[in-house]
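Working notes, beginning with the structure itself.
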Amino acid sequence: MDAQGGNEASNLTREKILAALGALSNQLGERGITGEICLFRGTVMVLAFTARLATKDVDAVFQPTRTIREIARKVGEQLHLPSNWLNDGVKGYVSARHETTTGNLPQFHYLRLTRVQDAYLAATAEHLAAAHHLPIPDWVVDDARKLHRPWFASQLASLRAVLLLESPPTFRSRNLFVSENALTRV
């Protein structure tokens, strides 16, 4: 189940994520390596904005990839985390020119955390500004805030056609396909 629905055994809380990233940083330091992890989705909401209590995994793009993947597997075993607690499956959905920031993220001695200035955030900001008759922020129109491959809010093939039709224009223009009420559900 996801972080909102609640299977405690598979939820990664802020504390669990920080412990895992701290252990990862320490092991990188033992090897004389400094790594970088760019965080996405639920992890950003947990760590940067404290807008969620937990997430099911840490979606990220990281360097050095092979080393971090190896250490993450060991850390996961030591801390009894899901085998894919840190994964880079999101890399296919990231703009090649994405901007990153360290804003509001904790940092470690041998591990730099960043987050992307992402398409979903830009789509949300533009949608809400238009809905409330506010000026649309300049930063939302940057091409770096568009995905180069489509992202669907559901993996069910039967729902993709619905999402294609329902997705608000500010999301659709960024290759994001969500339900028409994506911003109104609690």
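The values are calculated or read from the model by the stated rules, or taken from the named source; none is laboratory data. Keep in mind it's a predicted model, so treat the numbers as computed, not measured. Note that we place each Cβ from the backbone using ideal geometry, even for glycine, and neighbour counts take in every protein chain shown. What goes into the accessible areas is simple: the full protein's heavy atoms, side chains included, and nothing from ligands, DNA or RNA. Shrake-Rupley method; radii C 1.70, N 1.55, O 1.52, S 1.80 Å.
Observations on the structure shown:
- Share of carbon and sulfur in the accessible area of the chain stands at 54%, probe radius 1.4 Å.
- Note on E15/L183: beta-carbon distance plugged into 1/(1 + (r/R0)^6) with R0 of 25 Å gives a FRET efficiency of 0.30.
- Annotation: the antiparallel percentage among DSSP beta bridges lying fully within the chain is about 50.
- All lysines inside 25 Å of K74 as judged from Cα atoms, apart from same-chain residues fewer than 8 positions distant: K16, K56, K91
- Rounded to the nearest 20, the Cβ-based charge dipole of the chain about its Cα centre (Lys and Arg +1, Asp and Glu -1) stands at 280 debye.
- Rolling a 1.4 Å probe over the heavy atoms of the protein chains gives segment 133-172 an accessible area of 69 Å² per residue.
- Distant-in-sequence amide contacts of L111, defined by a placed amide H-H separation under 5 Å and a gap of 5 or more residues or a different chain, comprise G35.
- Against the chain, whose longest principal axis is taken from its Cα atoms, helix 119-131 shows a tilt of about 30°.
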